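K.L.:
I'd like to ask you about the structure that follows.
Values in this text are rule-based calculations from the coordinates and carry no lab data. What you see is a predicted model, and the numbers here were worked out from it, not measured in a lab. Here the Cβ positions follow ideal geometry from the backbone for every residue, glycine too, while neighbour counts run over all protein chains shown.
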Amino acid sequence: MPYKSKKQETYLRINKPKVAQKFDRDIKKMKKKTFKPHKMYKGTMVKTAKTHAEHLRLGKAGYTHTRPKKKKK
């Protein structure tokens with residue numbers, strides 16, 4: 001896809017390394033954050049997500065973070 005002007009092409013050519021470095025720094029910051037184990041709910045079932053991968057798997061299975069409300073007797 002051609003650029004709209006020579007000015008834009010020059011800007012991107014010069015600043016692309018800077019943008020890539022910032023992106024790499026952001027990725028490193030995200031990796032440094034630690035995952036905190038927490039409970040996930042689906043109906044009456046409760047499971048604890050101990051890792052981020054397990055958290056994603058439970059999310060795809062329909063688990064959420066909201067605790068179901070108790071029914072009044």
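K.L.:
Applying the selection to the stretch 36-60, what residues are of a type in the set (Val, Ile, Thr) and not in a loop (DSSP other than H, G, I, E, B)? Write out each step before concluding.
P.N.:
Going through the stretch 36-60, the residues of a type in the set (Val, Ile, Thr) turn out to be 44, 46, 48, 51.
Passing the criteria: Val46, Thr48.
K.L.:
May I pose another question? Within the stretch 31-73, track down each residue that is of a type in the set (Val, Ile, Thr) and loosely packed, with under 10 Cβ neighbours inside 10 Å. Outline the logic, then answer.
P.N.:
We begin by selecting, within the stretch 31-73, every residue of a type in the set (Val, Ile, Thr); these are 34, 44, 46, 48, 51, 64, 66.
Across the stretch 31-73, the qualifying residues are Thr34, Thr44, Thr66.
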